[in-house]
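Reading through the structure tokens given below for one structure.
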Amino acid sequence: MSTRSDFYLDIPRAPRLSRLLIFIKWLLILPHSLILYVFSFLAGVVGFVAWFAILFTGTYPQGMWDFVYQYMRWSVRVSAYTSLLRDEYPPFSEAPYPVDFSLTRPEKQSRLLLFVRWVSVIPLAFWLMLVGIAAGFALLAAWFCILFTGNIPESIREFIVGFLRYGLRVQCYLSLLTDAWPGFSLE
């Protein structure tokens, strides 16, 4: 079983953010969004097949796990960009990017948890929705802060990073990449 310590996400603070780029980031991210849409569908299919593999073998096949993990890595890079945390355009490959995400692949996974995981996600989804509403207001505040000062106050930035971290932990749990319960903490 995984522990939360196997999960790591760091989005370093940008020294300065572009005041003009905030107006067109939504447009620049469209190619990533289209590809990630297809990638998410494929990751869902892989996850569905992996559910049966875990049920019968107790392990997530390495190649399948890597595929879904790569989707998560790309997705969080794009999320950091669209969440106004970074101005560097996310690469379409594994090229270096100032977002560090790692997750340790568990050697064995719980077969029993496969059957209750979907129910256990319900309270997480409600919490994620509530925090997501607050994160939307934080993003709006961040947008105006960048417009007027060229940066995001540290408290707002940490809240947005915490929201992204929490959402990614829930997504990894739901995608069967880990058995570690995400809990309700944004840390």
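So that you can scan it fast, the table gives a plain yes or no per residue for (1) part of a helix (DSSP H, G or I); (2) over 16 Å from Asp10 (Cα atoms):
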| residue | (1), (2) |
| --- | --- |
| Gly136 | yes, yes |
| Ile146 | yes, yes |
| Val161 | yes, no |
| Tyr166 | yes, no |
| Pro182 | no, yes |
| Glu187 | no, no |
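Among Leu84, Leu128, Leu103, which is the only one that is in contact with a strand residue (DSSP E or B) (Cβ under 6 Å, 6 or more places away or on another chain), under 26 Å from Pro12 (Cβ atoms) and aliphatic (A, V, I, L, M)? Checking each option against the conditions leaves just Leu103.
Within region 3-32, the residues that satisfy the criterion of being in a helix (DSSP H, G or I) and either more than 30 Å from Trp181 (Cβ to Cβ) or of a type outside the set (Gly, Ala, Ser) (or both) are Arg4, Asp6, Leu21, Ile22, Phe23, Lys25, Trp26, Leu27, Leu28, Leu30, Pro31, His32. If you check Asp6, Asp10 for being surrounded by 14 or more Cβ atoms within 10 Å (Cβ to Cβ) and within 16 Å of Asp100 (Cα to Cα), only one passes: Asp6. Just the residues that are within 19 Å of Ser175 (Cβ to Cβ) and touching a Lys or Arg at 6+ places or on another chain (Cβ under 7 Å), please, taken from region 1-57. Scanning region 1-57 gives Phe7, Leu9, Ile54, Leu55. Confirm whether Pro98 is touching a Ser or Thr at 6+ places or on another chain (Cβ under 7 Å) and either in a helix (DSSP H, G or I) or in contact (Cβ under 8 Å) with a residue 40 or more places away in the chain (or both). Answer is no for this residue.
Within region 45-65, residues that are closer than 19 Å to Leu103 by Cβ and touching a residue at least 40 places away in the same chain (Cβ under 8 Å) sit with their Cβ atoms under 8 Å from residues that are surrounded by 15 or more Cβ atoms within 10 Å (Cβ to Cβ) and of a type in the set (D, E, K, R), at 6+ positions apart or across chains, in these pairs: Tyr60/Arg105; Gln62/Arg105; Trp65/Arg105. Residues of region 65-93 that are part of a loop (DSSP other than H, G, I, E, B), more than 12 Å from the chain's Cα centre (by Cα) and at negative phi: Leu85, Arg86, Asp87, Glu88, Tyr89, Pro90, Pro91, Phe92, Ser93. Within region 1-33, the residues that satisfy the criterion of being within 17 Å of the chain's Cα centre (by Cα), under 22 Å from Ser93 (Cα atoms) and not charged (D, E, K, R) are Phe7, Tyr8, Leu9, Ile11, Pro12, Ile29, His32, Ser33.
The number of residues in region 27-81 that are over 23 Å from Leu9 (Cα atoms) and of a type outside the set (Val, Ile, Thr) comes to 16. With respect to being surrounded by 13 or more Cβ atoms within 10 Å (Cβ to Cβ) and either in a helix (DSSP H, G or I) or in contact with a helix residue (DSSP H, G or I) (Cβ under 7 Å, 6 or more places away or on another chain) (or both), Val49 falls outside the description.
Considering only residues in region 100-109 that are surrounded by 15 or more Cβ atoms within 10 Å (Cβ to Cβ) and either small (Gly, Ala, Ser) or in contact with a helix residue (DSSP H, G or I) (Cβ under 7 Å, 6 or more places away or on another chain) (or both), the one that is farthest from Tyr60 (Cα to Cα) turns out to be Phe101.
FYI, it's all coordinate maths here, none of it is from the lab. The structure presented is a predicted model; accordingly, all values stated were derived computationally and were not measured. In this analysis, Cβ positions are derived from the backbone assuming ideal geometry, glycine residues included, and neighbour counts consider all displayed protein chains.
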